[in-house]
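Reviewing the structure listed below.
The values are calculated or read from the model by the stated rules, or taken from the named source; none is laboratory data. Not measured: the values here are computed from a predicted model. Positions of Cβ are backbone-derived with ideal geometry, glycine not excepted, and every protein chain shown enters the neighbour counts. Only protein heavy atoms, including side chains, enter the accessible area calculation; ligands, DNA and RNA are left aside. Shrake-Rupley method; radii C 1.70, N 1.55, O 1.52, S 1.80 Å.
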Number of protein chains: 2
Amino acid sequence: MGLLGAIEAGGTKFVVAVSDHDFNIIKREAFPTLDGEKTLDQVIAFFDQYDSIDAIGIAAFGPIDIVEGSKTYGRVLDTPKRGWSGYDFLGRMKAWRDIPYFWTTDVNGAGWAEFKTGAARDVQNMVYLTVGTGIGAGIVTNGHLLSGLGHPEAGHIFLQKHPQDSYQGHCPFHGANCLEGLAAGPAIEERWNKSAKDITDGDLAWEIEAFYLAQAALDYTMILRPEKIIFGGGVPHRESLFPLIRQSFADQMSDYLAVPPLDEYIVPVENGDNAGILGCFYLCKELLETA
Amino acid sequence: MGLLGAIEAGGTKFVVAVSDHDFNIIKREAFPTLDGEKTLDQVIAFFDQYDSIDAIGIAAFGPIDIVEGSKTYGRVLDTPKRGWSGYDFLGRMKAWRDIPYFWTTDVNGAGWAEFKTGAARDVQNMVYLTVGTGIGAGIVTNGHLLSGLGHPEAGHIFLQKHPQDSYQGHCPFHGANCLEGLAAGPAIEERWNKSAKDITDGDLAWEIEAFYLAQAALDYTMILRPEKIIFGGGVPHRESLFPLIRQSFADQMSDYLAVPPLDEYIVPVENGDNAGILGCFYLCKELLETA
């Protein structure tokens with residue numbers, strides 16, 4: 001038996017790793033994201049060290065095409081990131097070695113790790129939301145990653161504005177209409193003219209942030225009826241945010257629908273920085289098992 | 001081989017029917033909904049005419065408990081409807097005859113019929129939204145009805161208000177915050193002080209209605225990435241509403257995400273008044289096939 005490979009392809013940083021079939025990490029490296037071709041050169045140089053890799057899981061920053069059979073399957077879609085629009089990520093890997101690859105989004109990778117061994121390990125339906133530079137979701141329904149015409153874009157649902165918020169929004173497509181435009185890291189920084197890290201507990205900024213994240217959690221609840229909603233990414237590092245989200249969720253829900261106790265329902269990510277890589281290992285192992 | 005049974009349990013009207021295994025309807029009856037016990041008396045009197053019924057599909061008005069293994073599985077949950085809160089619908093049927101039952105919501109029943117033989121027959125991912133006295137959704141992802149801690153409550157997602165709408169909303173829980181409070185039939189009537197049927201094409205009322213339905217379609221798109229969004233129920237009988245929904249959807253989406261051509265993506269129900277009964281037959285037949 002050979003090794004499993006993982007590529008956590010972030011917009012600013014790539015992490016590559018190999019593990020045995022019990023997910024013990026043998027080697028792990030990280031390097032800054034360059035353009036598509038140069039970054040993949042480094043990825044391939046890393047895996048070239050190993051003769052026997054059985055499969056690789058790839059969790060890539062989006063938007064990417066994950067619809068099998070689509071003409072652009074395996075490619076990065078339109079992105080402002082230089083040297084990546086249309087780049088044939090999966091094709092380059094297959095040209096290198098024609099082994100099985102599991103190709104999905106970065107947030108699906110991290111979400112899958114939460115589902116398998118993290119905060120959602122005991123449930124079959126969950127939403128994993130990452131709130132950082134952007135906002136993205138990995139959704140599991142009935143034990144499977146949800147996708148239809150592509151991966152979820154659940155950071156772009158429309159929200160009601162907080163009555164005390166006059167910010168014009170940060171989404172280039174939806175301004176202050178959507179969750180990402182109102183609540184991602186750059187929106188917090190631009191609205192308050194300082195980094196989220198420098199905003200103290202108890203500031204109105206956190207109440208407004210919690211209002212938006214709670215409203216999003218409410219919409220996911222109404223549509224998906226998950227058993228667990230997990231927040232990851234940079235912004236939810238602020239632990240004091242969670243009680244505020246739960247309180248705002250209860251206020252907005254207004255007793256309409258029974259959900260689990262809120263401190264078990266709306267929770268932080270458990271796998272931390274390893275979630276992306278772990279998710280890649282789990283996904284490519286499952287790919288081998290079902291092949 | 002015996003017969004298939006169907007119970008379309010609406011809040012105002014019950015429809016019961018039997019068919020052969022090719023879904024040819026042999027007999028169909030409708031009667032007004034009374035309280036739980038009296039209505040089920042009539043249901044059972046109907047099916048008592050047939051000695052050999054192999055399975056029955058039940059599509060019931062909600063909220064109902066469809067989570068197998070739950071303490072209240074098979075019951076109607078809290079409802080303002082007299083004589084129904086907590087009623088053990090499925091238990092009463094099983095006590096009558098212990099055959100297989102498929103137990104789901106009215107909107108899941110009609111949605112499943114659209115998925116099998118209606119507007120969504122060629123896709124694997126769809127949202128069926130019924131807009132009438134209330135607003136409910138049947139969601140299919142990867143060929144399966146979506147449910148988690150229960151059936152979707154997608155009529156209660158929160159929406160931004162139309163800038164020209166000052167209506168205070170009709171939802172007893174969410175006022176003017178949620179889709180149902182803003183866009184169900186009773187909201188239209190109360191807002192404009194006349195029945196939707198009496199509002200002429202071209203009226204601002206339809207522009208506002210389309211804005212809300214389009215915004216809901218946008219949120220479902222972002223979260224679920226469906227291939228088809230189908231509108232049924234009384235309000236979408238107004239055909240001129242569809243071009244308005246599509247236009248508003250395009251305006252609000254603002255080119256963010258590629259979806260199918262809008263006149264194939266946002267469409268009316270095809271099975272019409274038989275959708276609920278058909279869905280029941282399909283679901284109980286599948287239940288027999290997978291048993």
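Table for the structure above
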item	result
Neighbourhood net charge (12 Å Cβ-Cβ; Lys/Arg +1, Asp/Glu -1) for B:ALA30	0
Pairwise Cα inverse-distance average, inverted: Kirkwood Rh of chain B (Å)	19.6 Å
Within the protein assembly as shown: Cβ-based charge dipole about Cα centre, in debye rounded to nearest 20 (Lys, Arg +1; Asp, Glu -1)	40 debye
Hull volume in cubic angstrom per residue (convex hull over the Cα atoms of segment A:1-58)	70 Å³
Crossing angle, helix A:204-224 versus chain A [Cα axis fit, 0-90 degrees, rounded to tens]	70 degrees
Shortest-first distances to equivalent copies, position B:SER166, nm, label 7 Å out along Cβ	2.2
Relative contact order of chain A, defined on C-alpha pairs under 8 angstrom at six or more residues apart (%)	21 percent
Within chain A, percent of DSSP bridges classed antiparallel, to nearest 5	55 percent
Per residue convex hull volume, Cα atoms of segment A:122-269, in Å³	105 Å³
Cα-based equivalent ellipsoid of the protein assembly as shown: semi-axis lengths in Å, sorted from largest, via gyration tensor	42, 29, 22
Protein accessible area in the protein assembly as shown, 1.4 Å probe - carbon and sulfur %	48 percent
Average beta-carbon neighbours from other chains, 10 Å sphere, peptide B:253-260	4
For segment B:272-286, Karplus couplings with θ = phi - 60° (6.51, -1.76, 1.60), whole Hz, Gly/Pro x	x, 5, 8, 4, x, 5, 4, x, 4, 4, 4, 5, 6, 5, 5
Antiparallel bridges, percent of DSSP beta bridges restricted to segment B:122-269 (to nearest 5)	55 percent
10 Å Cβ neighbours from other chains, averaged over peptide A:171-179	3
222 nm mean residue ellipticity, helices alone, for the protein assembly as shown (DSSP H n ≥ 4; -39,500 (n - 2.57); rounded to 500)	-10500 deg cm²/dmol
For segment A:206-248, residues shielded by at least 50 square angstrom of accessible area compared with the chain on its own, probe 1.4 Å	A:MET222, A:ILE223, A:ARG225
For A:TYR73, label point 7 Å along C-beta direction: distances to other copies, nm	3.6
Under 14 Å from A:LYS228, Cα to Cα: aspartates and glutamates that are on another chain or at least 8 residues apart	A:GLU114, A:ASP122, A:ASP219, A:ASP263, A:GLU264, A:GLU270
Out-of-range pairs (alpha-carbon distance over 20 Å; input A:LYS81/A:LYS197; B:LYS13/B:LYS38; A:LYS27/A:LYS197; A:LYS13/A:LYS81)	A:LYS81/A:LYS197; A:LYS27/A:LYS197
For segment B:57-134, diffusion coefficient by Stokes-Einstein and Kirkwood Rh (Cα), 10 °C, 1.306 mPa s, µm²/s	115 µm²/s
Calculated label separations, A:ASP51, copies of the chain, 7 Å along the beta-carbon direction, nm	7.4
Measure of compaction for segment B:1-103 (Cα Rg per 2.2 N^0.38 Å)	1.03
Karplus-derived 3J(HN,Hα), 6.51/-1.76/1.60, for each residue of segment A:255-267, Hz, glycine and proline x	6, 5, 10, 6, 10, x, x, 5, 6, 9, 8, 10, 9
Segment A:54-107: chymotrypsin sites (Phe, Trp or Tyr not before Pro) falling in loop per DSSP and having at most 15 other Cβ within 10 Å	A:TYR73
All Cα pairs of segment B:183-291, percent lying beyond 23 Å	39 percent
Charged-residue dipole, Cβ positions (Lys, Arg, Asp, Glu), segment B:122-269 about Cα centre, Debye nearest 20	260 debye
